[in-house]
Amino acid sequence: MLVLAAINGSLYSRLDYAARDRFRFVPARTWEDALSAILTKPLELGVLDPALEGPARSQEIERLRVLFPSFPLILYTQLSPAVAPVLLRLGQIGIKHIVLARHDDHPAHLNEILTAEVSHTVAGQVMSALSDLLAGCPGELKWAIESAVREPATVQSVQDLATRARMDRRTCLRWFAKANLPPPSVTLMVLRVIYAHRLLQDPGYTVEDVATKLGYATRSLAQNVKEVLGMTPRELRVSLTPEDALNRVRERYFTPPAASALARVS
């Protein structure tokens, strides 16, 4: 999982050590770098230091919170009299995880906090909402599907998905059929469109930003959104709630034919 690390160098080394191969960090040395990374890379959450550019400030982090409310934030900084009121202010706007250097930043604790935030990421919420549909898949395949949603540019084919799940292509296809799922290419397209829809609920993203973040050409994203949800990306961000989008894809792509026909009769 890719994580934004807008923190000073001494803190970065401790954070990187705590990752234990599960998290990969994209460093940002300025707040503009942090904003650019959020807009263009498939980041799932951010670790931020209010003192990134010198004296501790809350304004830049508050701005990110307003622009990207779906992007979980963790504060990691050194405690000082100047930092304390900033942390209080950021806590008041809903940022609850605060890690203080040399106080509670043991690698195991840092890893625990990062892991706890996984379920609050956009991809985590999408996978949780559709977890019952993937219940028939083995654990490694579910992990591969989730990672393909998180970093779509890294999984472009059924073979890529099978390789990530440590199985051959034919076995991958058999598991999808056994779990009553659409073919892998269709399933991944649907999950990515739901992911894109969730991102488009944040005011800080344009359609072009979301396409870039997910490794799409803007036209390709629009085509997939139209195919899956029946509207343009700009229409769906104001016309369809996340719950409505989930209901649509469940009915269209994940309802067995017999059950769908019965529902229409009743």
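In the set Ala84, Ala101, which member is more than 25 Å from the chain's Cα centre (by Cα), more than 30 Å from Asp244 (Cβ to Cβ) and free of Cβ contacts under 8 Å to residues at least 12 places away in the same chain?
None of the other options fit; the residue is Ala84.
Looking at the range 144-163 only, could you name the residues that are within 22 Å of Lys178 (Cα to Cα), in contact with a helix residue (DSSP H, G or I) (Cβ under 8 Å, 6 or more places away or on another chain) and assigned to a helix (DSSP H, G or I)?
Those that are within 22 Å of Lys178 (Cα to Cα), in contact with a helix residue (DSSP H, G or I) (Cβ under 8 Å, 6 or more places away or on another chain) and assigned to a helix (DSSP H, G or I): Ala144, Ile145, Glu146, Ser147, Ala148, Val149, Val158, Gln159, Asp160, Leu161, Ala162.
Cβ-Cβ below 8 Å, separation at least six or inter-chain, first residue in the range 159-170 and closer than 9 Å to Leu141 by Cα, second outside any helix (DSSP H, G or I) and acidic (Asp, Glu): which pairs?
Partner pairs satisfying both residue conditions: Ala162/Asp168.
If you take the residues in the range 9-37 that are at pLDDT 90 or above and basic (Lys, Arg), which one is surrounded by the most Cβ atoms within 10 Å (Cβ to Cβ)?
So, considering only residues that are at pLDDT 90 or above and basic (Lys, Arg), the one surrounded by the most Cβ atoms within 10 Å (Cβ to Cβ) is Arg29.
Results for (1) at pLDDT below 90; (2) of a type in the set (Val, Ile, Thr); (3) assigned by TED's automatic domain parsing to the domain that holds Thr255; (4) over 30 Å from Leu75 (Cβ atoms), shown as yes or no for each residue.
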{"site": "Val155", "(1), (2), (3), (4)": "yes, yes, yes, yes"}
{"site": "Gln159", "(1), (2), (3), (4)": "no, no, yes, yes"}
{"site": "Thr171", "(1), (2), (3), (4)": "no, yes, yes, yes"}
{"site": "Ala177", "(1), (2), (3), (4)": "no, no, yes, yes"}
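Can you go through Arg174, Arg166, Arg170 and tell me which one is in a loop (DSSP other than H, G, I, E, B) and of a type in the set (Lys, Arg)?
Arg166
Which of the following residues is among the aliphatic types (A, V, I, L, M) and in contact (Cβ under 8 Å) with a residue 60 or more places away in the chain: Leu200, Leu236, Leu191?
Leu191
May I ask you to list the residues in the range 65-77 that are touching a residue at least 60 places away in the same chain (Cβ under 8 Å) and surrounded by 13 or more Cβ atoms within 10 Å (Cβ to Cβ)?
Hits for the range 65-77 are Leu67, Phe68, Pro69, Ser70, Phe71, Tyr76, Thr77.
Across the range 69-90, which residue is modelled with the highest pLDDT among those that are assigned to a loop (DSSP other than H, G, I, E, B) and farther than 18 Å from Leu114 by Cβ?
The selected residue is Pro69.
Name the residue that is farthest from Pro72 (Cα to Cα), counting only residues in the range 135-153 that are among the hydrophobic types (A, V, I, L, M, F, W, C) and surrounded by fewer than 18 Cβ atoms within 10 Å (Cβ to Cβ).
Ala135
Hey, among Ala108, Ala101, which residue is in contact with a helix residue (DSSP H, G or I) (Cβ under 9 Å, 6 or more places away or on another chain), within 21 Å of Asp21 (Cβ to Cβ) and among the small types (Gly, Ala, Ser)?
Ala108
Hey, could you check the range 90-118 for residues that are crowded, with 16+ Cβ neighbours inside 10 Å and of a type in the set (D, E, K, R) and say which is nearest to Ile38 (Cα to Cα)?
Glu117
How many residues does the range 56-68 hold that are assigned to a loop (DSSP other than H, G, I, E, B) and either in contact with a His (Cβ under 9 Å, 6 or more places away or on another chain) or of a type outside the set (D, E, K, R) (or both)?
So the answer is 3.
Table: residues versus (1) in contact with a strand residue (DSSP E or B) (Cβ under 8 Å, 6 or more places away or on another chain); (2) in contact (Cβ under 8 Å) with a residue 24 or more places away in the chain.
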site: Asn111; (1), (2): no, yes
site: Leu114; (1), (2): yes, yes
site: His120; (1), (2): yes, yes
site: Ser128; (1), (2): no, no
site: Leu133; (1), (2): no, yes
site: Arg150; (1), (2): yes, yes
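Taking the range 29-64, which residues are in contact with a Ser or Thr (Cβ under 8 Å, 6 or more places away or on another chain) and either without any contact (Cβ under 8 Å) to a residue 60 or more places away in the chain or in the same structural domain as Thr154 (by TED's automatic domain parsing) (or both)?
If the condition is that a residue be in contact with a Ser or Thr (Cβ under 8 Å, 6 or more places away or on another chain) and either without any contact (Cβ under 8 Å) to a residue 60 or more places away in the chain or in the same structural domain as Thr154 (by TED's automatic domain parsing) (or both), then Asp49, Pro50, Ala51, Leu52, Glu53, Ala56 are the ones that fit.
The values are calculated or read from the model by the stated rules, or taken from the named source; none is laboratory data. A quick note: this is a predicted structure, and the numbers were derived from the prediction, not measured. Here Cβ is always computed from backbone atoms with ideal geometry, including for glycine, and neighbour counts include all displayed protein chains.
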